[in-house]
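Only the coordinates and a few stated rules stand behind these numbers; no lab work does. Computed from a predicted structure; not experimentally measured.
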Amino acid sequence: MVAKDGQGPDDPKGLIHEAYRIDGITGSECRTIFLDWALTIEDAAAAIPRLLDGRPDEHPMSQVLRDGLGASPQGRRGGRAARVRD
């Protein structure tokens, strides 16, 4: 089986690759693509820098990927633990 253009271990479905090819793509659309991509990848934090390499900084997907590097699900707290106590 021949891999689709842009597919590889960091982008198995070629979603990120295709996002960069879409003219006029918005940040919102890039976030939707990013979420779909992130659900299929094992180690997104390691893959993001490789996906950013050589990509245009001004593209909305580049910004979404950079934002993804700052995400830290381990530090997120919900429910009662997230409320400020007086």
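Phi angles across segment 5-14 convert, under the Karplus curve 6.51 cos²θ - 1.76 cosθ + 1.60 with θ = phi - 60°, into 3J(HN,Hα) values of 3, x, 6, x, x, 8, 8, x, 9, x Hz, Gly and Pro given as x.
Please report Rg over Rh for segment 1-54, where both radii come from the alpha carbon positions and Rh follows the Kirkwood definition. My calculation of the ratio gives 0.95. Computed from phi, the 3J(HN,Hα) profile of segment 55-66 under the Karplus parametrisation 6.51, -1.76, 1.60 (θ = phi - 60°) reads 8, x, 4, 7, 6, x, 5, 4, 5, 5, 5, 4 Hz, with x in place of Gly and Pro. Converting phi to 3J(HN,Hα) with the Karplus coefficients 6.51, -1.76 and 1.60 and the offset θ = phi - 60°, segment 19-36 yields 4, 5, 8, 7, 5, x, 5, 9, x, 4, 5, 5, 5, 5, 5, 4, 4, 4 Hz in sequence order, with x at every glycine or proline.
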